[in-house]
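Each remark here refers to the structure printed beneath this line.
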Amino acid sequence: MDININISDDELTEDDKLVIRECLHLSEEDNLEEHLSKLAKASFIEYIKMFKEKGLPTRADEVQQERLFFLLNHYFMNRVPFEHEISSIFQITQSQSRTLLRNTNSRFRTKIALFIRNTIKSVIRTAIINHDSGKYEMEITSGVIKDEINTYLSQRNAQLFPLTKKRGYLAIYECPEDTYDFLREQFEIDVADD
């Protein structure tokens with residue numbers, strides 16, 4: 001079904017558009033209408049669920065979790081957003097974003113497992129070898145994703161070293177080569193993909 005809505009310039013001013021671009025981290029080259037369309041779909045699906053089931057959750061944190069779940073499915077599609085993206089959209093702190101993402105992950109784990117896997121794969125693909133230390137380094141700006149990787153390691157090969165924060169860096173994590181090789185194998189990343 002193709003559904004169209006019209007929004008007047010009074011309902012969505014140029015200032016509003018600027019704020020939305022900032023919250024979604026969109027550049028001038030990004031198609032705002034395309035992004036708004038994805039957001040509208042997420043909202044519409046949320047309403048359908050409300051009509052079909054027993055209404056909205058009663059607790060505010062559950063409402064946020066559902067809203068993030070619908071954004072994962074219809075806006076971010078195929079990946080888990082970083083905490084700073086969630087902070088911008090929900091107008092909450094990084095710490096609150098991390099908690100929201102963790103709780104959403106716990107509540108909808110099986111339904112968003114593919115998004116988590118894809119996000120982990122994208123992180124592993126960015127890893128580069130530090131020839132001085134012999135360790136692989138990767139940028140991870142999501143504590144939830146770092147925790148997911150380390151949980152995966154502990155559940156599948158507890159003899160490997162976990163990802164650890166590189167000293168002096170905010171979002172660079174490192175691991176020995178055997179840990180990296182294990183992750184690359186488990187997440188089916190070819191060396192040619194690197």
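Here's the yes/no breakdown for (1) at pLDDT 90 or above; (2) hydroxyl-bearing (Ser, Thr, Tyr); (3) under 24 Å from Thr99 (Cα atoms):
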residue	(1), (2), (3)
Asn4	no, no, no
Ile7	no, no, no
Glu28	no, no, no
Glu34	yes, no, no
Ser43	no, yes, yes
Glu46	no, no, yes
Leu56	no, no, yes
Gln64	yes, no, yes
Phe69	yes, no, yes
* Structure fact -> Counted residues in segment 147-163 being of a type in the set (A, V, I, L, M) and open to solvent by 50 Å² or more (accessible area, probe 1.4 Å) come to 1
* Structure fact -> The correct count of residues that are over 14 Å from Asp181 (Cα atoms) and open to solvent by 50 Å² or more (accessible area, probe 1.4 Å) in segment 126-146 is 5
* To do: Look through Ala42, Ala60 and report the one residue that is out of contact with any helix residue (DSSP H, G or I) (no Cβ under 7 Å at 6 or more places or on another chain) and within 25 Å of Ile145 (Cα to Cα).
  => Ala60
* Do we have Ser142 as at pLDDT below 95, on the phi < 0 side of the Ramachandran plot and in contact with a Phe, Trp or Tyr (Cβ under 7 Å, 6 or more places away or on another chain) here? -> yes
* Tally of residues being under 23 Å from Val19 (Cα atoms) and open to solvent by 50 Å² or more (accessible area, probe 1.4 Å) across segment 39-70 -> 5
* In the list Ser87, Ser106, Ser97, which residue meets the criterion of being open to solvent by 70 Å² or more (accessible area, probe 1.4 Å), under 28 Å from Glu174 (Cβ atoms), without any contact (Cβ under 8 Å) to a residue 24 or more places away in the chain and in a helix (DSSP H, G or I)? -> Ser106
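The values are calculated or read from the model by the stated rules, or taken from the named source; none is laboratory data. What you see is a predicted model; the values in this text were computed from it and never measured. As a convention, Cβ positions derive from the backbone with ideal geometry for all residues, glycine included, and neighbour counts pool all protein chains shown. Ligands, DNA and RNA are excluded from the accessible area calculation, which covers all protein heavy atoms including side chains. Shrake-Rupley method; radii C 1.70, N 1.55, O 1.52, S 1.80 Å.
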